[in-house]
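Here is the structure we will look at.
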Amino acid sequence: MNFINKLKDIFSIEELKNKILLTIGLIAVYRFMASVPLPGIDPLQLSALKESTSDGLLGLLNAFTGGAFSRASIMALGIMPYISASIVVQLMGIAVPYLQKLQKDGESGRKKITQITRWLTIGITLVQAPTYITAIKTQFGLGPEAFLVSGATFWVSSIIILTAGTVFAMWLGERITDKGVGNGISLLITVGIIARFPSAFLQEFVSKTTNAGAGGLMMILIEIIVWFVVILLSVLLVTAVRKIAVQYARRTVAGSVQNVAGSRDYIPLKLNAAGVMPIIFAQAIMFLPLTLGQKFPALVSLTDHNGWQYNVIFALLIIIFSYFYTAITIPTNKMADDLKRSGGFIPGVRPGKDTADMLDGVLSRITFPGSLFLAGLAILPAVVSKFGVQQSWAMFYGGTSLIIMVGVAIDTLQQINSYLLNRHYDGLMKGGNSKRKSNK
């Protein structure tokens, strides 16, 4: 009943209801577009492409695009070029003075950085699109009968359409973020991952129940229990915070001469302040060996995402990006200045620079175990696959897919909950005003 009442509360708020419906509608458009094949390709001849992208890095990329990669869809590159462009812009923001200035210019600077990211996304897509077309024509076993059109016409049209598909996916993600609920880019990735969940579990179920010695239903039950434990650990990682006590000085209530005693509050510093972004960034970097493997044979070993070389580098990248993304998203100097202006201070710490240094030190210390935990969960699929878990199901057994789903789900639910709390707060304020009026 509580769940039903909560749904009633959600849909009783007109603005929130419209945001949710808009989000669902845009996601539905994205899923529909992901099933539309490129013009000039026979969709009935794509079985070889689906087999080639069933596991490994290609399987993960296929999951991020919701199967569009294996369908030779107009959305085959998905939102990954945008993620790559975001990584490049943020990395350049450390060294390029112009981008550093834009980061300090507030909303106007953010808009310019967004525009730069969009143009860079187009440039990256124009490079990746020919690579994808070359791969499906030469590496994935598609015969000549799969291509209804050949020559320059097919190449030019496919590159333009793939680029347009990525730009459209980027636009959908931004519209969800601005007008809908949740982070649009992360939601598009999450929906693509969830779309493969039923078939992955069914494949694991059939494998365990039909093969002798595979464990049968008991093994499925054990896997489900451990899977829920991993989900619980992921939720704890996303929600864990370190509370820094804050003391506020005595201050006068507006409209009266009454002094209010200093109150205590706290600053919540998340154990995993960077969220799912370190995994997304690290995964985008790890797609590079797949692209460069032909020209640089030494990188071929990094294309096996169950291999120890891949997972060691993947874990290190997650740790590095955790520190990097935390540093650029949590400005401790600004937090210290805002705290000082509001009359607050951390007991035993001088306001200003000392407070900023203290917050930075605490953040660095809690980010380390958080990044290790995040990296451990990210490489868990490679571990469970060694125990006979099917590759398609292992992808959900921890790892990138599960952490992204948990993080995005919590973030979206928190946004919905904030709307409910704000509506409740407004209602109390109106009630209080009405009561005061009635007493006059």
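We did not get these values from a lab; they are worked out from the coordinates using the rules stated. Remember, predicted model here, so these are calculated numbers, not experimental data. So basically every Cβ, Gly included, is an ideal-geometry build from the backbone, and we count neighbours across all protein chains shown.
Could you sort the peptides 178-187, 331-340 by per-residue average Cβ neighbour count (10 Å cutoff), highest mean leading?
178-187, 331-340
On a straight-distance basis, which aspartates and glutamates could pair with K137 in a cross-link, Cα separation under 15 angstrom, same-chain partners fewer than 8 positions away excluded?
Candidates past the 8-residue exclusion: D42, E51, E145.
Going down the list K17/K112; K270/K353; K6/K243; K112/K334; K6/K179, which pairs span over 27 Å between their C-alpha atoms?
Checking Cα-Cα distances, K17/K112; K6/K243 exceed 27 Å.
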